[in-house]
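What follows is calculated from the coordinates using simple rules that are stated; it is not laboratory data. Because the structure is a prediction, the values reported are computed rather than measured. In this analysis, Cβ positions are derived from the backbone assuming ideal geometry, glycine residues included, and neighbour counts consider all displayed protein chains.
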Amino acid sequence: MVKITIDGKKISAKEGETVLKAAQRAGIFIPTLCNNDAVKPYSACRMCLVEVAKNGRTKLVTSCDYPVEEGIEVNTNTERIQRDRKVILELLIARTGETPELKKLAEKVGVKEVRFKVRNFDDCILCGLCVRVCDEVVGAHAIGFRGRGMEREVVPPFDVENEQCLACGACAEICPVNIIDIFEHDGTRELPKWHKKSRLVACRVCGKYFATEEEIEMIRAKTGLPDEILYVCPDCREHNFTI
């Protein structure tokens, strides 16, 4: 274990964990938009800034990817941090507009007005969570970043439907501002943002739709499971099969 101090509170942190994770375990709030335990830290949103004092020097770091070290002192809510967080959030709102999630976070960090011109340039905050979950967890590599600066966006290759996309919905589930729509109707799942439409597979036991054809084929390729298991939903599978 590593001994550190966060906001004057001495805590024991696990060696190798991040300052953000140590703070969360200690019940200390640090705002974040791009962090999720399912993927590696990316420090894209910069909302998790903290001040770290080490060897007599203080610096601003992103707590989501800064590892704990013996004896460091961390401050999570100084005037400098408050100022920088507010500017970052104002810029995000100026780019995307005020989504319910950003509005809630603005209330927490004390943003009462946006001093920049709201352009509503895009609804995406460019946190990269959807790209990372598609790469690191699903393994489909179906979407990615394109462009730079204000032109930067997340799209499938050439901004057309990508056959690699499984329409699994992991990107929609992990999006912190809920702007990736996913619809299911008439045995079809659709993700308009990625121009993706896939047929759903119905459970052979209960009849409910539970996965796309692409998901089934991916699981078949990775596991070699037979159809009598693949085409049964997880709930029915739990009660009817032992794998």
> Going by how many other Cβ atoms sit within 10 Å of their own, how do 57, 237, 220 line up, fewest first?
Replying inline: 57, 220, 237
> Based on the alpha-carbon gyration tensor of segment 129-240 and its eigenvalue square roots a ≥ b ≥ c, which shape applies: rounded if a/c is under 1.5, prolate if not and a/b is larger than b/c, or oblate?
Replying inline: prolate
> Excluding same-chain residues fewer than 8 positions from residue 108, which aspartates and glutamates have a Cα within less than 18 Å of its Cα?
Replying inline: 7, 79, 84, 90, 98
> Between residue 40 and residue 119, what FRET efficiency comes out of the Förster formula 1/(1 + (r/R0)^6) with R0 = 22 Å and r the beta carbon distance, rounded to 0.05?
Replying inline: 0.10
> Does a label point 7 Å from the Cα of residue 159, set along Cα-to-beta-carbon, have any residues of segment 92-133 with amide nitrogen under 14 Å, and which are they?
Replying inline: 122-123
> Which of the aspartates and glutamates could a cross-linker span from residue 10 if the Cα-Cα distance has to be under 12 Å and same-chain partners fewer than 8 positions apart are dropped?
Replying inline: 70, 73
> In the neighborhood of residue 90, defined by Cβ-to-Cβ distances under 12 Å, what is the net charge if each Lys or Arg adds +1 and each Asp or Glu adds -1?
Replying inline: +4
> What residues qualify as long-range amide H neighbours of residue 188, i.e. H under 5 Å apart, gap of 5 or more or another chain, H built at 1.01 Å from N?
Replying inline: 200
> Between segment 170-243 and segment 1-43, what is the C-alpha centre distance in whole Å?
Replying inline: 34
> Residues with beta-carbon under 14 Å from that of residue 105, excluding residue 105: net charge, scoring Lys, Arg +1 and Asp, Glu -1?
Replying inline: +3
> FRET efficiency for residue 206 and residue 185, Cβ-Cβ distance as r, R0 = 22 Å, nearest 0.05?
Replying inline: 0.70
> Can you put 148, 80 in order, fewest other beta carbons within 10 Å first?
Replying inline: 148, 80
>> Using 0.36 nm times the number of residues separating residue 178 and residue 219, minus their current alpha carbon distance, what extension gain do you get?
In response: 12.1 nm
> By how many nm would the segment from residue 227 to residue 151 grow when fully extended, if each residue of separation counts as 0.36 nm and the alpha-carbon distance is taken off?
Replying inline: 22.9 nm
> Using a cut-off of 13 Å between alpha-carbon atoms, which aspartates and glutamates can reach residue 193, once sequence neighbours fewer than 8 places away in the same chain are excluded?
Replying inline: 122, 123, 153, 159, 161, 181
>> Report, in listed order, any pair from 3/59; 14/54; 9/59; 40/104; 21/222 with a Cα-Cα distance greater than 23 Å.
In response: 40/104; 21/222
>> I need 111, 118 ordered by Cβ neighbour count within 10 Å, fewest first.
In response: 118, 111
